[in-house]
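Down below is the structure, laid out as structure tokens.
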DNA sequence: CGATTTTTTGAATGTTTTTGAAAGAAAAGG
DNA sequence: CCTTTTCTTTCAAAAACATTCAAAAAATCG
């Protein structure tokens, strides 16, 4: 484990929680007390954090990554376009899986009044489905505060007891070599399971996702149908895939 | 638990409620009397609060935007009063069940920053818990669109795999003869199961619930602890129950 | 390529801070 | 008044701290 890796990890921890404990860092990083202390000292000298007895705390001016709300307004029209096409794929009496996330959320108003059953892992999606009077189920599990999605063994085993006509998922990255990826490993497991339990898996992706690679793989490109609004704008690499469809 | 974490929590508490009790802080933070006293002393020296007999009080704010938050905290509604008392019952490291509903939802900001694990059936509560960065789990199941609570066999069997130190529930009716009742039979089953799986079950009820009877029974009065803000106003019938407590 | 220097690491040392408990003083409440 | 609760002070144990030193790893140079 390199010095830079450790220090980056410490700062990432501090973005999630206002204080980190030295002992937790020792076990998490597998380094000795001395090493962690040196890292904390250097990071403090660099003005990245403040040391406190027992660990370190985040500086007050920490800027956060784009929140759920900010992301929601960014690619709105493109997302709505894909969502409309995705909702049109759903036949009557179908049972579908709806991933957590703002992209799939756009499908909900377009499913209102339809005879469909929806299973989701997104807390916000569950709320919207209830508002739209759609028959909805949420899978139990631990709630990730960043995305408000349920994850973990309970969610996965809940998925394995079901089968879906269609699964609709979002993604953070689509790459010819590295496949479909998402930042969170636990969410990746959930997505993979949902794909396995569905007859047809559909990924909703706007142009900004192509060529991107995130942390955790959840499927290869040819395992799913990909809907995108702007096939022409993309690198010609993606033209070889018949399962990437323009809407 | 680090010094900074404790002191941060104490100040956050004082934003919610004008006074904090030393004993409540002890159970909430899992620290000794001496430690809490030292924290209060340091925070007083730093000009962050004023110590009073039995705890500490918030300083009179002369800052920018006092209107919204102070009004919300100074004139505590009946529900917030009960929620505050209920949250004070929760010790550190506890695992609690939080019923769906607006009454129990009021407990969430008062649990923020606490070392507790919360399991809920309320979709909206799950969202609020995630916002407050509280470790939260939602039970899977069908979502009732009226209340956005999960119900059904999946929810009940999920409950039966767990155990809680405390369960906090709302109710629609409290009656000496007909017990605790709620309009929906499926939600009643969930509440009953939650009570059975908990060491102590606590029902939060304002005065309007007493004497009312709804459709489905979920518990007898003496099976739970009932918190209410206005014991004196109630019919003398309820004075016979030692488990009905004024807050 | 090997030898030497520099950097990084983990353990050992003694010091400081934090913590919880105890005992008596002060305050609150009947 | 007495009883109970809360408060302050003191003390020893535990945890966390800075510092030093030698071994291991990496980089540099002849």
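Read-outs throughout are calculated quantities, based only on the coordinates presented, and are distinct from any laboratory measurement. Owing to the predicted nature of the structure, the values given are computational and were not obtained by experimental measurement. Cβ: placed from backbone, ideal geometry, glycine included. Neighbour counts: every protein chain shown.
Things worth noting here:
- Contact order normalised by residue count of the range A:145-192, Cα under 8 Å, 6+ apart, percent: 39
- Antiparallel beta bridges, as assigned by DSSP with both residues in chain B, represent about 40 percent of the total such bridges.
- Of all the options A:199, A:93, A:53, the one that moves most in a Gaussian network model of chain A with Cα springs shorter than 10 angstrom is A:53.
- Summary value for chain B: 15 percent relative contact order, contacts being C-alpha pairs under 8 angstrom separated by 6+ residues.
- The angle between the Cα long axis of helix B:33-45 and the main principal axis of chain B comes to about 50°, on a 0 to 90 degree scale.
- Residue-averaged [θ]222 nm for chain B, counting only DSSP H segments that reach four residues, each worth -39500 (n - 2.57): -11000 deg cm²/dmol
- Nm distances between copies for residue A:60, ranked from closest, using label points 7 Å along Cα→Cβ: 2.4
- Helix A:185-196 axis, angle to chain A major axis (alpha carbon atoms, nearest 10°): 20
- GNM remark for chain A: springs join alpha carbons under 10 Å apart, and the peak mean-square fluctuation among A:156, A:116, A:237 falls on A:237.
- Under the Debye formula (equal points on every Cα, no solvent term), log10 I(q)/I(0) of the range A:68-246 at q = 0.09, 0.11, 0.15 Å⁻¹: -0.27, -0.41, -0.79
- DSSP assigns beta bridges within the protein assembly as shown; of those with both partners inside it, close to 45 percent run antiparallel.
- Each eigenvalue of the Cα gyration tensor of the range B:158-247, multiplied by 5 and square-rooted, gives one semi-axis; in descending order these are 22, 15, 9 Å.
- Counting only the Cα atoms, the range B:130-180 fills a convex hull of 146 Å³ per residue.
- Globularity ratio of the protein assembly as shown, using Cα Rg and 2.2 N^0.38 Å: 1.08
- 0 to 90° range, to nearest 10: angle between helix B:78-89 axis and chain B longest Cα axis: 80
- Relative contact order of the range A:3-57, defined on C-alpha pairs under 8 angstrom at six or more residues apart (%): 40
- Springs join every pair of Cα atoms under 10 Å in this Gaussian network model of chain A, and among A:32, A:214, A:230 the largest mean-square fluctuation is at A:32.
- Counting from the shortest, the label point at residue A:35, 7 Å from Cα toward Cβ, is 2.9 nm from the same position in each remaining copy.
- Label point of residue A:231 (7 Å along Cα→beta-carbon): distances to the other copies' equivalent points are 7.2 nm, sorted ascending.
- As a size descriptor, the averaged projected area of the C-alpha convex hull of the range A:3-57 was calculated at 3.2 nm².
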